[in-house]
1. Output the 0 to 90 degree angle, nearest 10, between the alpha-carbon long axis of helix 584-596 and the longest principal axis computed from the alpha carbons of the chain.
2. Label 7 Å along Cα→Cβ of Glu306; the stretch 426-467 residues with amide nitrogen under 16 Å?
3. Sequence neighbours fewer than 8 away in the same chain don't count; with that in mind, list the lysines whose C-alpha is under 22 Å from Lys161.
4. Provide the gained length on full extension for the span Asp575 to Ser37, in nm with one decimal, where the gain is 0.36 nm per separating residue minus the Cα-Cα distance.
5. Could you work out how far apart the two model spin labels at Arg431 and Leu319 are, taking each label as a point 7 Å from the Cα in the direction of the beta carbon, and quote it in nm?
6. Once the dipole of the chain is set up with Lys and Arg at +1 and Asp and Glu at -1 on Cβ about the Cα centre, which of Ala408, Leu441, Leu173 lies farthest towards its positive end?
7. So how do Leu71, Leu284 line up by other beta-carbon neighbours within 10 Å, fewest first?
8. In whole angstrom, how far apart do the alpha carbon centroids of the stretch 96-122 and the stretch 1-77 sit?
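What follows is calculated from the coordinates using simple rules that are stated; it is not laboratory data. Predicted, not measured: the structure shown is a model, and the values here were computed from it. In this analysis, Cβ positions are derived from the backbone assuming ideal geometry, glycine residues included, and neighbour counts consider all displayed protein chains.
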Amino acid sequence: MRAQDLLLVTLRQPPAEAEIPSHQWLVRGGFIRRVASGVYAYMPLMWRVLRKVEAIVREEMDAIGALELRLPALQPAELWRRSGRWDTYTAGEGIMFSLTDRQGRELGLGPTHEEVITSLAADLIRSYRQLPVSLYQLQTKFRDEIRPRFGLMRGREFIMKDAYSFHADEEDLRRYYGCMDQAYRRIFARCGLEVLAVQADSGAIGGGTSQEFMAVADAGEDLVLSSADGRYAANQERAQSLPPPAAPLRVTADACFATPGQASIEAVCAAHNLDPTQTVKVLLHRACFADGPDQPVLTVIRGDQEVNTVKLANLLGRLLAERGNLLALERLDVDTLPAHGTQLPVGFLGPDLPDDVIQGVPGLGGGFLRIVDATAADLTGFVCGANVPDHHRRVPGWSLLGLSFTRADVRSAQPGDRCCHDPKAVLTATRGIEVGHIFQLGRKYSSALGACFNTEGGGTEPMWMGCYGIGVSRLAQASVEQNHDDNGMIWPVSIAPFEVVVTVANGEEQEQRQLAERLYGELRAAEVDVLLDDRLERAGVKFKDADLLGIPWRVVVGRNAARGGIELKTRSARDVLELDASQLLPQLLPRLQRQRRGSPPDAGV
Ligand code: ATP
Ligand code: MG
């Protein structure tokens, strides 16, 4: 390819909406163009990168026996009703684009494909002899994200590789999940990404065990907590840890005391010489389920700890499974609560806040479901709000409150906490970009959609399923987020839009042009992905563009062309190799071959 045929339109300034470096560089380099919020055109340079990522993904999926297919993006609502996900995905904060066709039928644009693939499996797979089966596709997904941002990182239309596997038993599912895990590690290594595998929350996809792959980057939206010994790493959404021990508190009698204006834990502790671990705090939520009125929820946690709403939502989904899917979990807006003689004493709430305070609130049904986090439940004596403004209370024990609480882990693990597997180890925080996620789904979808098979023993059972996603377009941008400098992108060879750029320093010089042309031909004949920049621009402009585009190897044909001399260098290493042109291929090809198999970019010449 020649640079002048590339429709190269680069920008001097990053666009205002690009907040992170990878987004800025991709737009400045002309790799992507925004068409609408969260909707991008992949321009030819980006498309070359994406095709290389896709090729790596394909090779590794094929290598573990997965079969490629292509499922429709347009999916009937009926399938999603059968799995129970139509409402979760279209109502409230649901992210599925939905529409009604000219016959009045409801359809959705696929954000993911469990329903479609499971209904196909139900049709096609009858016998244990056909199992296991693994199917995958590379496809555009649609998600009406609440906050599309950071370019391809969180798009509303993006490329995903999704795979689904079907098994006769759980053991075989676990075995294949292990194969996927290894394949994913190879994919990310071959793409030159630094990735952490972490325990994950399964979210709206559901099922049991799941693991995310996080590209390490400060701009990542996820927080990973891990131990230095490498034995534990989890997304903060599901991470567990040991809370700091509580300072002992002897409470001899149940007693109220005045705390005027002390509506926060800090204020009460400061005024009464207490430690936050000696207090408990109360949070109110409204849980909206598919069936019935919203459930009021009262959660108690030790004063120094925070509630993890992902854990809380998962718990509520389990406890109230008969109410259908949990559609949303919102903080109970105290302004909507009727004042029963007094205002709701915000800042002074106690675990025994009476159900009266929510009687008659529109949309709410029943009394509080009361949850207590283990940190609070383990306290024998504690200080809490007295449910009266400007008053707190010393409570000698939970039994005194005469109420039943569900004990659970709803606490948010924090960096610095001690690890469960070894109390001497502490958790540290790393930010990550989720580039892949693998799940053991179990039989959730096969049961809902009737994907059953005849067992070897003559019975009929739902199949065991796994599902496995990679954000292909997000991965490509994550690579830039990990590899850039002040001059632009630095692509690893394995996914670079071009492996080598041959730059003619002075396009007016006949000898330079001829030598560059010859090398360009030789490199192409050796199947090197090469760009020839023989534009009649100043050398500085061409070097600047080459830096911006991040092509990993650069051959400069300049002043020494007359005697066959050239320069070889990598994108950003300072050392330059002066070569005779005849030495280019022998020097470059072995290095390229190694790097094509995957290595971090720019190891130097
Ligand atoms: P996130 O938590 O970032 O919203 P998710 O957990 O909803 O992602 P999955 O359903 O696990 O995503 O999808 C599989 C993969 O697809 C993710 O690991 C991620 O790499 C990619 N992906 C998900 N949403 C987007 C998006 N809006 N834009 C680009 N890639 C995405
Ligand atoms: Mg995920």
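1. Result, in degrees: 20.
2. Within reach of a label on Glu306: 427-432.
3. Lys52, Lys141, Lys444
4. 189.5 nm
5. So the two model labels end up 3.4 nm from each other.
6. Leu173
7. Leu71, Leu284
8. Taking the Cα centre of each part, the stretch 96-122 and the stretch 1-77 sit 25 Å apart.
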